[in-house]
Amino acid sequence: VTSADAARLAALGRPSHPSHHDARTWLVSRLQSQLEEQRERVFGLRDRGATLGDDGALRAIDEALQVIYNIKQGPLPDDVSPGLGVLRGPHASDVGFALTAVEALGFSLNLTDILGVKVPKDTATAKLFLRFAEILRADGVFSARAGAFYASALQFAGETEGPVDVGWLNAGIGCAGTYLEGGTHAYRRVPKKDGTYDSDASVLPLPQAATGRPLVIGVLADWGCGTPESAAVLREFAKQKPDVIIHLGDVYYSGTLAEQRAYFLEPMVKAFGKDRVILQTPGNHDYYSQGGAGFFEIIDEMGHQNTSFFVLRGERWQIVAVDTGILDNFNLISDQLYSKTMVFLTEDQAVWARRQLEIGKERGLKTIMMSHHQLFSRSEVVGMANSKVSEATYEPDEIAGTFPWLNFTTQSNRLPGQLPPDVAPAVNTRMLSQFPAELLEGVSAWFWGHEHSSAIFAPYAGLKRGRLLGHGCIAPPKTHDVYRVSNVTDGKPWGGHPELMPGSRVGTGDNFWNLGFATVTIDGPNAVARYFQLQDEDAPDGSGPTWGNATLYFEEQF
């Protein structure tokens, strides 16, 4: 789907529009016309004497077209999968389930090969799509079992290998809607006091645990999916009885208010009650729809924070959480691989965050940092120092005063690592440059998400402990190596790519890499971090993967 397509979808499917079905209908009609064109092409080949494998190509196309005709006969039923909401979910549109069903049927009949899209059938994701097609044929497209299998096995699939959950289009639909309405976002900047950014803003007291026991802080990231996986993670997370809960961002697909409510607020309140301290920093997906207004409405309703960044400060420890999602709010560019600029802190946040670290140093506090985005990555690209197209997307917010004008004048060869401008660094050098080494070395640990995996890194780039916790609800297929070393990024200025701590890798289940979360238990001057994982296994009745009890896989003290 092109950027123009996404803009068209946004105009049809954004939440203010009276009918989300218009967006789905438009997409279905587009796919129908493409299939009909291919059908005519196959007829032409046959008429010219081509052998088509006993008309298998025509049968594949006709079966997919029949599903489309059935979908277009009327509105999608409300009761396809009670409690899962896979069709009428709280998303920017309802394009996901129906078109993924068409995709699965076409894939099972080699229609993707006929259309010129070569997708291997031996990957974990491909095998799940083939199983989905079997359920669709046996039970019908709108059966409860089909809906349950989509939600438990295929929703959010396709990031690392095909086929792809068509529901991901909602991220583009939401983002395009924001930019069609002006391209500004709901970020709340650090206020000024006496001519400088107020270092007292968003500083909250670190809660006290009940007498006689340590304080338990629960940390999870990339958790807002509303799927059986996220429900299983929350079930196990709650068993740790955290006093404070911090989510490091991303409610999917695009952070609509309805998604924020259904996939974050409601399950959290149901599990922990309204009085538990539940905080969050936004990720990129939280800013896609309506400029992130849904995220801010939810934190206002919860009443524990009023900005997207905060400090929890106690007598021995402080937690400094920053908003990196605001500068990763645009996802409609795919013309150039790795074209996005790396995220960093807006000027107001950078000044504010440095001052928090200085205060921690002055008072002898131990500091834990948290954000959605990574300071560095072993496997993924964190961005480029400059990208004119990407930088242009910030201008609506800069003009509106959402945040101060951004400074891109420092080129890559003058940032840490001094790499050429066309080389992607393993480290987010713009964000690294915002923290003097003497402040960063005082950070006990930095927790982040964004990558949908887990990694416990050895000291790297001046940081003692980088901790990736992005495996809250989207599990990569086990045929994809989440611990691979990127062959695109350059880590030589820092001695190579970051290494993992021994014994810190998560395992795999029948289909996926394990999901998980962490707790940090603070007891006086000491803190113990514990990392938990959940494994999937196929349900005996074929209804999709299920997730077992959490087990401890790594523990450390700092």
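The values are calculated or read from the model by the stated rules, or taken from the named source; none is laboratory data. Since this is a predicted model, take the numbers as computed values, not measurements. Using ideal geometry, Cβ is built from the backbone for each residue, glycine included, and neighbour counts are taken over all protein chains shown.
Considering only helices (runs of 4 or more DSSP H) fully contained in region 349-463, which possess at least 2 residues that are of a type in the set (D, E, K, R)?
Details: elements: 388-392, 395-400, 429-433, 437-440.
It comes to 388-392, 395-400.
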Can you pull out every residue in region 373-411 that is more than 28 Å from ALA445 (Cβ to Cβ) and in contact with a strand residue (DSSP E or B) (Cβ under 8 Å, 6 or more places away or on another chain)? ASN386, SER387, SER390, GLU391, PHE408
Unmet requirement for ASP541, which otherwise passes all of (1) farther than 15 Å from SER230 by Cβ; (2) of a type outside the set (S, T, N, Q); (3) not in a loop (DSSP other than H, G, I, E, B): (3)
Taking region 155-209, which residues are of a type in the set (A, V, I, L, M) and farther than 30 Å from PRO477 by Cβ? LEU180, ALA186, VAL190, ALA201, VAL203, LEU204, LEU206, ALA209
Would you confirm whether any residue within region 524-535 is over 21 Å from the mean Cα position of the chain (by Cα), in a strand (DSSP E or B) and of a type in the set (Ser, Thr, Tyr)? no
Reported set for region 477-505 where residues are aliphatic (A, V, I, L, M) and surrounded by fewer than 17 Cβ atoms within 10 Å (Cβ to Cβ) is VAL485, VAL488, LEU500, MET501
Could you pull out every one of the helices (runs of 4 or more DSSP H) wholly within region 96-143 that has 2 or more residues that are among the aromatic types (Phe, Trp, Tyr), assigned by TED's automatic domain parsing to the domain that holds ALA171 and closer than 27 Å to GLY174 by Cβ? 96-108, 124-139
If you go through region 244-279 one residue at a time, how many are surrounded by fewer than 21 Cβ atoms within 10 Å (Cβ to Cβ) and acidic (Asp, Glu)? 2
